[in-house]
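A.B. asks: Got a structure for you, questions after.
The values are calculated or read from the model by the stated rules, or taken from the named source; none is laboratory data. Just so it is clear, the structure is predicted and the values come from calculations on it, not from any experiment. All Cβ positions, even for glycine, are placed from backbone atoms using ideal geometry, and neighbour counts span all protein chains on display. Side chains included, ligands, DNA and RNA excluded: accessible areas come from the protein's heavy atoms. Shrake-Rupley method; radii C 1.70, N 1.55, O 1.52, S 1.80 Å.
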Amino acid sequence: MPILEFLNPDSVVSSLRVRDKKHGLQELAAQAARRLDGLSERDIFETLLQRERLGSTGIGDGVAIPHGKLSQLDRLFGLVARLEKPVDFDALDGQPVDVAFLLLAPESAGADHLKALAQVARLLREPGMLERIRSARDATALYALLVHGPATQAA
């Protein structure tokens, strides 16, 4: 059973170049807009900014999970990116972020949105998972790790 059903192979960016938090959110929005028909980069970016105004989505250990709901979306969508260089994200622990997991949900998602956020957070907190994410050789290896879990890395 896939760990993250809302992630697909095209939604993994193994090296994203960003200058700071705002630019990171812009780049994540741009990456998502390229993969989601009918959604504008601006709408996605504004949704992410609104959520960040409530408090940072930098959860600690170099990880951020920017997220939001969009009325135009009809399914959960995930995108993961390793940042080329860590950036200040106003994270809870003060550490710069180098792994960002974008999660977008339909307005009607209700509890599914929260379950997906919890699922991502649980996965990223598995012992050794962040080290494996940071050392994955490319987007294909990173996707396999996130979708199938660490068992695929043992072979």
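A.B. asks: Excluding ligands, DNA and RNA, what is the solvent-accessible area per residue of the chain at a probe of 1.4 Å, expressed in Å²? Write out the running numbers ahead of the final one.
C.D. replies: Numbers: 7790 Å² over 155 residues.
That works out to 50 Å² per residue.
A.B. asks: Name the residues whose placed amide hydrogens come within less than 5 Å of the amide hydrogen of GLY60, ignoring near sequence neighbours (fewer than 5 apart) on the same chain.
C.D. replies: LEU92, ASP93
A.B. asks: For GLU126 and GLU107 in the same chain, what is the full-extension length gain: residue separation times 0.36 nm, less their Cα-Cα distance, in nm? If you can, show how the numbers build up before the last one.
C.D. replies: Values: separation 19, 0.36 × 19 = 6.84 nm, distance 2.92 nm.
Here the answer is 3.9 nm.
A.B. asks: Something else now. Net charge near GLU126: determine it from the other residues with C-beta under 14 Å of the C-beta of GLU126, scoring Lys and Arg +1 and Asp and Glu -1. Don't skip to the end; give the middle numbers.
C.D. replies: On the way: positive: ARG122, ARG125, ARG132, ARG134; negative: ASP61, GLU131.
Computed value for this residue: +2.
A.B. asks: Quick one: length gained pulling ARG75 to ARG53 fully straight, 0.36 nm per residue minus the C-alpha distance? Provide the component values of the computation, followed by the final result.
C.D. replies: On the way: separation 22, 0.36 × 22 = 7.92 nm, distance 2.43 nm.
Using 0.36 nm per residue and subtracting the Cα-Cα distance, I get 5.5 nm.
A.B. asks: Taking every DSSP beta bridge with both residues inside the stretch 4-155, roughly what % is antiparallel (nearest 5)? Display every interim value, and only then the final one.
C.D. replies: On the way: 9 of 18 bridges.
Looking only at bridges with both residues in the stretch 4-155, the antiparallel portion is about 50 percent.
A.B. asks: Within the set of other residues whose C-beta is less than 13 Å from the C-beta of ALA141, count the net charge using Lys and Arg as +1 and Asp and Glu as -1.
C.D. replies: On the way: positive: ARG82, ARG132, ARG134, ARG137; negative: ASP138.
Result for the local shell: +3.
A.B. asks: Of the chain, which part is the longest with no trypsin sites (Lys or Arg not before Pro) in a loop (DSSP not H, G, I, E, B) and with at most 15 other C-beta atoms within 10 angstrom?
C.D. replies: Longest run free of exposed loop sites: 76-136.
A.B. asks: What is the local net charge at ARG17, summed over the other residues whose Cβ is closer than 10 Å to its Cβ (Lys, Arg +1; Asp, Glu -1)? Mind dumping the intermediate values first?
C.D. replies: Numbers: positive: ARG19, LYS85; negative: GLU27, GLU84.
Neighbour charge sum, excluding ARG17 itself: 0.
A.B. asks: Then there's this: Within the stretch 11-155, what whole-number % of the accessible surface is contributed by carbon and sulfur, with the 1.4 Å probe and all protein chains included in the calculation? Provide the component values of the computation, followed by the final result.
C.D. replies: On the way: 3380 of 7100 Å².
About 48 percent, which is the carbon plus sulfur part of the accessible surface.
A.B. asks: Could you give the semi-axes, largest first, of the ellipsoid that matches the stretch 102-151, computed as the square roots of 5 times the alpha carbon gyration tensor eigenvalues and rounded to whole Å?
C.D. replies: Working: eigenvalues 117, 29, 13 Å².
Semi-axis lengths for the stretch 102-151 are 24, 12, 8 Å.
A.B. asks: Given labels modelled 7 Å from the Cα in the Cβ direction, how far is it in nm from HIS148 to ALA118?
C.D. replies: 2.8
A.B. asks: Using helices alone, what [θ] at 222 nm do you get for the chain, with -39,500 (n - 2.57) per DSSP H run of 4 or more residues, divided over all residues and rounded to the nearest 500? Display every interim value, and only then the final one.
C.D. replies: On the way: 5 runs with 61 residues, N = 155.
Theoretical 222 nm ellipticity from helices: -12500 deg cm²/dmol.
A.B. asks: Can you run the Rg to Rh ratio on the stretch 25-155? Use alpha carbon positions and the Kirkwood inverse-distance Rh.
C.D. replies: Details: Rg = 14.4 Å, Rh = 15.2 Å.
The Rg/Rh ratio comes out at 0.95.
A.B. asks: Another question about this same structure. Along the stretch 62-78, what does the Karplus equation 6.51 cos²θ - 1.76 cosθ + 1.60 (θ = phi - 60°) give for ³J(HN,Hα), rounded to whole Hz, x for Gly and Pro?
C.D. replies: x, 10, 10, 10, x, 7, x, 10, 10, 5, 6, 8, 10, 7, 5, 9, x
A.B. asks: If one computes P(r) from the Cα atoms of the stretch 1-92, what percent of pairs lie at distances over 17 Å?
C.D. replies: 49
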